[in-house]
Amino acid sequence: MSVATLLAVGLSLVSAVAYAAAAVAQERLASRSPGASLVRLLGTGAWWSAIGLNAAAALLHVVSLKYGPLTLVQPLGALTLVAAVPLGARAAGRRVSAVEWRGTTFTLLGLGALLITASGPAPARVLSLTEALAVAGTTAALIGMLSRPGARPGLRHATASGFASGVASALTQTVTVAATGRSGPALSVEVIVVAVLVAGFATGGLLLSQTAYRGGLGAPLAVVTLANPVAAAVIGLTLLGQGLRGGADGVLLALAGAGLAGWGVVLLTRAAPGPGPADGRREHDGPGERDAGGEQDGHDGSDGHDEHPVAAVLALAPGTATTEPVLVPRQPGQPKQPGHLTAL
């Protein structure tokens, strides 16, 4: 492995960690403000923190595309899952569930198989201006179809976000190679037009991922991570002349990897993790501490534990805090009872 390839892999690893941290920040922000508009998000520090992390990750990704081929750099984005699942669990104050671990493992194994078959030498050519415009138009139409109202909007928006990010990476490599090449001017018409397309798809992918994370982090992030290299692979196979390594065996390995990754996405979709037993959010309550409905905070009381209301709010678990008694004025002639206001 050459020095340039090692540099591309190292930059991709750091970029994946930054993307994972940004995804966790976006998911937390989306769960706090599920109906917030873009104008309202622009006024929050958490939104700009996520923007900064995404920008840093994108910059590292651009540099890695300079030193490594598209088919090598894009599948390494699967490492975002490795970092995002434990980061998201830690931010929510819980343990990673067994289903999440299995889903993440299958997804990474599948994408690893795709990485083995797709990685190869640097591409001999990049997209021309005509090809870039055709790819942009086709992708925009596909994103429009996936963004229509309907069932499971989170996964559809995640798919659209992955496609947008994959196309943005392919166009970014075209800009990087054209701008740093010695065959023409650094700011040609081709470079400027493709750079505008990159900005549009990168911004669209960010906004689509913000919408997708409203339903949780695991499954949408897995779909984004899977759709991203798929879009890049389609561009590489059809327009850049890149093929799969290993001949027929390589095709079979790629299909097996796609199946494993798809099953991992299904597992992450089904995962609905709850608070773990060791997440530090539970305390012992007395036998008489119950809510207004006579139940102990939604539990049967057999374990003698109750969820602390402040920790529940901080962990974004609505509806778990106990109900406080309401203070109302005492009516004339009514006997004194606890919980009523009396005249001084």
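The values are calculated or read from the model by the stated rules, or taken from the named source; none is laboratory data. Not measured: the values here are computed from a predicted model. Using ideal geometry, Cβ is built from the backbone for each residue, glycine included, and neighbour counts are taken over all protein chains shown.
If only residues of the range 115-146 that are of a type in the set (S, T, N, Q) and surrounded by fewer than 16 Cβ atoms within 10 Å (Cβ to Cβ) are counted, the one that is modelled with the highest pLDDT is 138.
If you check 209, 169, 161, 165, which single one turns out to be at pLDDT 90 or above, surrounded by 15 or more Cβ atoms within 10 Å (Cβ to Cβ) and of a type in the set (Ser, Thr, Tyr)? Write out each step before concluding.
Working: 209 fails: at pLDDT 90 or above; 169 fails: at pLDDT 90 or above; 165 fails: at pLDDT 90 or above.
Selected residue: 161, the only one of 209, 169, 161, 165 that is at pLDDT 90 or above, surrounded by 15 or more Cβ atoms within 10 Å (Cβ to Cβ) and of a type in the set (Ser, Thr, Tyr).
Inside the range 235-259, can you point out the residues that are surrounded by fewer than 16 Cβ atoms within 10 Å (Cβ to Cβ) and under 23 Å from residue 15 (Cβ atoms)? Across the range 235-259, there are no qualifying residues.
Only helices (runs of 4 or more DSSP H) wholly contained in the range 38-114 count here; list those with 2 or more residues that are at pLDDT 85 or above.
Numbers: elements: 38-41, 45-67, 70-73, 79-92.
So the answer is 45-67.
Of all residues in the range 228-262, exactly one satisfies the criterion of being more than 17 Å from residue 112 (Cα to Cα), in contact with a helix residue (DSSP H, G or I) (Cβ under 8 Å, 6 or more places away or on another chain) and polar (S, T, N, Q), namely 242.
None of 196, 177 is modelled with pLDDT of 90 or more and either under 17 Å from residue 57 (Cα atoms) or part of a helix (DSSP H, G or I) (or both) except 196. Looking at 52, 137, 77, can you tell me which residue is within 17 Å of the chain's Cα centre (by Cα), within 29 Å of residue 193 (Cβ to Cβ) and free of Cβ contacts under 8 Å to residues at least 40 places away in the same chain? Every option except 52 fails the conditions. Within the range 93-108, residues that are on the phi > 0 side of the Ramachandran plot sit with their Cβ atoms under 7 Å from residues that are part of a loop (DSSP other than H, G, I, E, B), at 6+ positions apart or across chains, in these pairs: 93/279; 93/280; 93/281; 93/315.
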